[in-house]
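One structure below.
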Amino acid sequence: MRLSMHNWMRPEPLTETLARLARWGYDGVELASEPRTTDVETTRRQLAEHGIECAGTLALFLGGRDLLHEDSYIREAGLTYLLETITLTAELGGSFVTIPGTVGKVTPSAAPEVEWSWLVDALSVARDHAATAGVRLAIEPLNRFETHLINRADQALALAATVGGDTGVCLDIFHMCIEETDWAAAIRETGSLLANFHVAENNRMPPGQGSVDWERLLRELAGIGYDGWLSVEFMPAMDRSPAGLLQMAEAGSDEGLSAGMRKWIVDHGSGVLPDETYDLFVKNSAENLRRHLDKA
């Protein structure tokens with residue numbers, strides 16, 4: 001298992017993110033996918049300069065991208081974005097595309113069987129393109145407070161089986177702590193279909209600042225033969241009370257963020273950490289995970 005990290009949690013130039021990851025010993029980055037604003041050659045050069053791999057990408061379903069929207073034109077836009085994300089991932093040497101639901105959408109647009117058919121139809125098209133590109137789709141369950149359809153491992157597995165091909169699953173221990181009756185059993189049930197794994201504490205803080213038993217978790221992953229990426233995705237909650245321990249800026253206060261990314265961060269209940277705090281969290285995540293990997 002190798003260490004990766006998302007870059008969507010912090011609005012900064014990619015080269016700064018990669019330098020930070022290289023400084024603290026990460027192997028890869030899971031890139032927030034923006035195919036139409038990403039210069040592939042520049043990104044390749046930056047990855048090479050810092051010795052960081054593109055582990056894969058995260059599909060950001062926000063704004064006009066929604067595979068479960070009642071408007072067919074918006075569903076088509078979501079599928080177009082996903083297909084372009086698959087192409088981008090292949091061009092950058094990534095192995096997977098993580099596919100969560102639309103963050104912030106917790107009410108359905110249609111009857112369950114209709115939404116299911118929309119999702120299966122879209123992902124079936126994406127499956128064929130991914131197979132040609134040499135990229136694996138990884139369906140990620142999110143907790144019920146972030147999205148409404150795929151919340152547990154068994155649901156993601158059912159969807160992957162229906163879509164077929166090499167479609168896999170991305171599990172996230174933060175969401176699993178909310179939704180799974182037994183997260184260890186869910187990992188074992190997923191088995192070889194596990195294509196990516198996101199790591200954060202039960203409170204979405206960095207590893208080591210919550211109640212997750214990391215040694216047990218890593219042993220469970222090793223037990224199913226998982227040798228893929230551990231993608232760090234901490235996202236501290238915005239605390240506006242006098243008890244707040246973290247200084248964070250409102251996402252809307254950063255003029256460099258697009259409207260979609262501002263909404264994405266706000267819908268995750270978070271904000272923007274000071275640079276020194278963020279750097280410390282990145283460092284601590286790597287140190288804690290490597291220590292537990294050695295034990296496991």
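The length gained on full extension between Thr107 and Arg45, counted as 0.36 nm times the residue separation minus their Cα-Cα distance, comes to 18.1 nm. The stretch between Thr37 and Ala184 holds 49.0 nm of extra length on full extension. This uses 0.36 nm per residue minus the Cα-Cα distance. For region 2-295, what proportion of DSSP beta bridges, expressed in % and rounded to the nearest 5, is antiparallel? For region 2-295, the DSSP antiparallel bridge percentage is about 5. For region 2-295, the dipole from Cβ point charges (+1 on Lys and Arg, -1 on Asp and Glu) about the Cα centre works out to 400 debye, to the nearest 20.
In the chain, the calculated helix contribution to ellipticity at 222 nm averages -14000 deg cm²/dmol per residue, counting -39,500 (n - 2.57) for every DSSP H run with n ≥ 4. Selection among Leu293, Phe197, Leu273 by position relative to the dipole of the chain gives Leu293 as farthest towards the positive end (Cβ unit charges, Cα centre).
Counting other Cβ atoms within 10 Å as a rough exposure proxy, the listed residues Thr107, Thr15, Thr181 run Thr107, Thr181, Thr15 from fewest neighbours to most. Projecting the Cα atoms of Ala251, Asn151, Thr181 onto the charge dipole of region 2-295, computed from C-beta unit charges around the Cα centre, puts Thr181 farthest toward the positive end.
Sorted by mean Cβ packing within 10 Å, highest first, what order do the peptides 4-14, 94-104, 201-211 take? Don't skip to the answer; put the middle values down first.
On the way: 4-14: 19.8, 94-104: 22.9, 201-211: 18.1.
So the order, starting with the most tightly packed, is 94-104, 4-14, 201-211.
Using only side-chain charges placed at the Cβ, +1 for Lys and Arg and -1 for Asp and Glu, the dipole size of region 1-95 relative to its Cα centre rounds to 320 debye.
Ranking Leu67, Val114, Ala55 by how far each Cα lies toward the positive end of the dipole of region 2-295 (charges on Cβ) leaves Ala55 at the top. Every Cα-Cα pair in the chain was counted, and those over 34 Å apart are 14% of them.
At full extension, Ser124 and Asp294 could sit 57.3 nm farther apart than now, given 0.36 nm per residue minus the alpha carbon distance.
Rounded to 0.05, the FRET efficiency of the Gln247 and Asp227 pair, given R0 = 25 Å and the Cβ-Cβ distance, is 0.05. A Cβ-based charge dipole, computed about the Cα centre of region 100-235 with Lys and Arg at +1 and Asp and Glu at -1, lands at about 120 debye.
Read the figures in this text as sums done on the coordinates, not as results from a lab. Here the structure is a predicted model, which means the values were calculated and not measured. Cβ: placed from backbone, ideal geometry, glycine included. Neighbour counts: every protein chain shown.
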